[in-house]
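This report refers to the structure that appears directly beneath it.
The values are calculated or read from the model by the stated rules, or taken from the named source; none is laboratory data. Just so it is clear, the structure is predicted and the values come from calculations on it, not from any experiment. So basically every Cβ, Gly included, is an ideal-geometry build from the backbone, and we count neighbours across all protein chains shown.
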């Protein structure tokens, strides 16, 4: 029995040492989590002009396809391709020889018919001719007058004139070409470029949403220049002169569900050409109490919902879900989920956890850009 006691004591000593070590650790202070410093932006309520950016194409104000109204050989082209032509300016000369001959013949027939009708008029007074003979002679005279008029028109039509003022394109025919009345191939095309149209399309759903916002009062029409439209060219440069919204299509395209809007722009320097791809900015109205959240503060979850971290009065953070309306410059226009005065985190988002304490500092590099043209969502 005496020889077993030392062995039991050897087993008890390590356990006692572990207990003492545990007691010593419990007496030490527990380290606290460090406070994360984050950059914030304080939400404000402010008036905002809503502008919609819509892609579109330019189209000529007028387009005239020049075609011959008589048949014959083209003798001369009387314009330079790509230049400005005036209304009534001669573009082509068609050989007039046969038409002048027809005019001479018609004039000779007219003289004969006129003499006969005048002679019958004198003879009718003495009953030398019947009334029927006189009426036939009078009708032949009027027919001869009409034939002369038609022949003169044909001679005039040998001079192919420009129907409008504008810029003429390339010629489809040269001297010596045979052209025919009513042919499908135009000789040339004249485009009136000043002013010029810009046609854009907008989804009907967006138009209905705009109407509801106006009816509810959340959006107010811009009283001044409400129909004014600005333009951005395909290279990103701004077109200097604003245009005016003229009309919207009265029917919805069944394939795309969109409505065509047409704006008119001055084009004195001919900078805009038909067929150009452009972006038109339309002023929709003013939202008096708009809430804008920097895009840097918005994160999207797996459902595609927008969220922001908000600093609460006790310096803890919580994740809030937002209801976004559209993008405006480098911000999101928000309708629900955030209120004026709330502090949203724009920097240090990756280190945040729900309920964690933060040190909030106004972010110095958060510059809202609210004047960008925006695409309707």
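Filtered by the rule that a residue be at pLDDT 85 or above and surrounded by 13 or more Cβ atoms within 10 Å (Cβ to Cβ), the stretch 22-43 gives 38, 39, 40, 41, 42, 43.
One line per residue, one yes/no per condition, for (1) buried (at least 18 other Cβ atoms within 10 Å of the Cβ); (2) under 22 Å from the mean Cα position of the chain (by Cα); (3) modelled with pLDDT under 90; (4) closer than 30 Å to residue 62 by Cβ:
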| site | (1), (2), (3), (4) |
| --- | --- |
| 296 | yes, no, yes, no |
| 322 | yes, no, no, no |
| 326 | no, yes, yes, no |
| 350 | no, no, yes, no |
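Taken together, 133, 156 contain a single residue that is under 30 Å from residue 82 (Cβ atoms) and either modelled with pLDDT under 95 or assigned to a helix (DSSP H, G or I) (or both), which is 156. Listed by first and then second residue, the pairs linking a residue in the stretch 289-307 that is assigned by TED's automatic domain parsing to the domain that holds residue 340 and free of Cβ contacts under 8 Å to residues at least 24 places away in the same chain to a residue that is part of a loop (DSSP other than H, G, I, E, B) and surrounded by fewer than 16 Cβ atoms within 10 Å (Cβ to Cβ), with Cβ atoms under 7 Å apart and 6 or more places separating them unless they lie on different chains, are 307/301. Residue pairs whose Cβ atoms lie under 7 Å apart, separated by 6 or more positions or on different chains, with the first residue in the stretch 345-362 and farther than 13 Å from residue 35 by Cβ and the second in a helix (DSSP H, G or I), are 345/297; 346/296; 346/297. For the stretch 259-282, filtering for residues that are within 25 Å of residue 84 (Cβ to Cβ) and either touching a helix residue (DSSP H, G or I) at 6+ places or on another chain (Cβ under 8 Å) or free of Cβ contacts under 8 Å to residues at least 40 places away in the same chain (or both) leaves 2. Here residue 154 fulfils each of the conditions (1) within 26 Å of residue 107 (Cβ to Cβ); (2) within 37 Å of the chain's Cα centre (by Cα); (3) surrounded by 18 or more Cβ atoms within 10 Å (Cβ to Cβ) apart from (2).
Taken over the stretch 86-101, the residue count meeting the criterion of being crowded, with 17+ Cβ neighbours inside 10 Å and part of a helix (DSSP H, G or I) is 1. If you check residue 56 against the conditions, is it in the same structural domain as residue 263 (by TED's automatic domain parsing) and surrounded by 14 or more Cβ atoms within 10 Å (Cβ to Cβ)? The answer is yes for residue 56.
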